[in-house]
1. With a ≥ b ≥ c taken as the square roots of the eigenvalues of the C-alpha gyration tensor of the stretch 159-246, please select rounded if a/c is under 1.5 and otherwise prolate if a/b is larger than b/c or oblate if it is not?
2. Where the only charges are on Cβ atoms (+1 Lys, Arg; -1 Asp, Glu), what is the dipole of the stretch 111-193 about its Cα centre, to the nearest 20 debye?
3. Once the Cβ-Cβ distance between Lys256 and Asn204 is put in as r, and R0 is 45 Å, what FRET efficiency do you end up with, to the nearest 0.05?
4. Rounded, prolate or oblate for the stretch 103-181? Axes are the square roots of the Cα gyration tensor eigenvalues, ordered a ≥ b ≥ c, and the cut-off for rounded is a/c under 1.5.
5. Ignoring ligands and nucleic acids, what accessible area does Lys415 show with a 1.4 Å probe (Å², nearest 10)?
6. Of Leu154, Gln112, Ala212, whose Cα points farthest to the positive end of the dipole of the stretch 86-215 (charges on the beta-carbon: +1 Lys, Arg; -1 Asp, Glu; origin at the Cα centre)?
7. Considering only C-alpha atoms, what is the centroid distance from the stretch 18-72 to the stretch 202-225, in Å?
8. Taking 51 Å as R0, compute the FRET efficiency from the Cβ-Cβ separation of Asp421 and Val317 and round it to 0.05.
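The values are calculated or read from the model by the stated rules, or taken from the named source; none is laboratory data. What you are looking at is a predicted structure, and each value in this text was computed from that prediction instead of being measured. In this analysis, Cβ positions are derived from the backbone assuming ideal geometry, glycine residues included, and neighbour counts consider all displayed protein chains. Surface areas here come from the heavy atoms of the whole protein model, side chains and all, with no ligands, DNA or RNA. Shrake-Rupley method; radii C 1.70, N 1.55, O 1.52, S 1.80 Å.
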Amino acid sequence: MRTLLRPIYLLLLPLASFGQKPVLPGSPDINTSRLTPGKSLFTIYYVNGTTWTNKGTYTNEISVSGNEMRFVVDYKDEKGEWYRKRTSVADAKTLSPISYQSKGLKNSIDLQFGNTITGTYRYLNGGGKDKQVLFKPAEKYVDFNVAEFMFTTLPLDVGYKASIREFYYTDHPDSILSNYIIKDVKSYIHRSPKTGNHETWLVNVLEESSGAVYTYIIDKKDHRLWQREMPVGGGTTEVCVNEELDYQPIAAKFNKAEALAKLEKGNSVIVGTAFARDHSSRKGIAVVNINKAQFAPKGTVVSIIPNSDYLEEWKAVNKKLAKKNKIPQVPIDPDVAACIKKTTVYDDRGHFEFTNLMPGEYILITSFGYTHQYTYSYYAGTSYLMHPSGAVLSSNDVYKSANASTGATAEIEMKVTVKKDGDKVDVNLKDVR
């Protein structure tokens, strides 16, 4: 979370932390029970104006073992290629630092914390001579890699302010203890594209050593970090967005191996005919089809997939979400695509076949265009019965018939059950409107 700006601002900000409550490891403000073990995924964007450029991802992972809490931050670039991993170990209650490791493509750092800070800075691939690290800090501090997690442990509230001392090391001579100053905390509604609106805290933090201001969005209920923003220079802001790995609205799991076996290891077949019948009206006028059955053209693709608890739940959940019309529907498991078997209509009568199926329930799907031909009645005027005197005795509306055609599309989905191995099931895959 460091920026590239050098700490020339130290001379300009001597009073930046004046009046702020110091929060050091062991402070009663730190409540590590607010940290949930597990992994979070963030996408990194560089934002300039309205342009968002994907710069990669990183994962935050928290685990607890005995009295120690481990924080791992693992980075990949926009191509999905790994480039850095940072691992910090701290006291599970106080967040007092115990050790820190960082490994990248060009260098690595290993630090041990105590009354003195010792360790080794290594250049990889012959980039330079190893350096030994030795510091004797005069004050308590938190490892910078943990500081971001630490913000979510605090009793945030409107107007909350605090000063957090952090330690950061590189091979540059400006490695220092410096302050993160929580300047402002306000209520904010964060909009998640997956789970809708969340009540959060908007936390503005000054990094005293650089003068940079970071913005954190932290959930009021579960204390998760939703988003982090930081300046990177040139009018560009780095925005890191939580991708909600724990968002699992579908409880059932899709079993790819089982689905593939049902399509390939049985002795049953499904044969069928795909066609459409359209009795729909045109602008409120009833119509009668001329061609009763419009068969799927030769070459039309018909797909089959074994039905499952996962697919049923996926459809039900998305149906509910569609009614709410507030958040996007849940994307389907990408493994489903590999378990869709396809065939084509082989003649002009809409016939298709599937073989090697095991017993079970299947979903058949097809779509095709056809010409809907129909006759319809229309108002052609009024006829009158006239008296010789010219008076109108009665009147009747006159209707005539005409033929017409229009383009239409059949969208067909049908469930078919194969009861036992070796069965031949004949189906009509039809769209009747």
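1. Details: a/c = 2.18, a/b = 1.70, b/c = 1.28.
Prolate.
2. Details: 10 positive and 9 negative charges, 6 e Å.
Charge dipole, the stretch 111-193, about its Cα centre: 20 debye, nearest 20.
3. Numbers: r = 46 Å, r/R0 = 1.02.
It comes out at approximately 0.45.
4. Values: a/c = 2.94, a/b = 2.04, b/c = 1.44.
Here the stretch 103-181 falls in the prolate category.
5. 100
6. Gln112
7. So the two Cα centres are separated by 10 Å.
8. Working: r = 32 Å, r/R0 = 0.64.
Computed FRET efficiency for Asp421 and Val317: 0.95.
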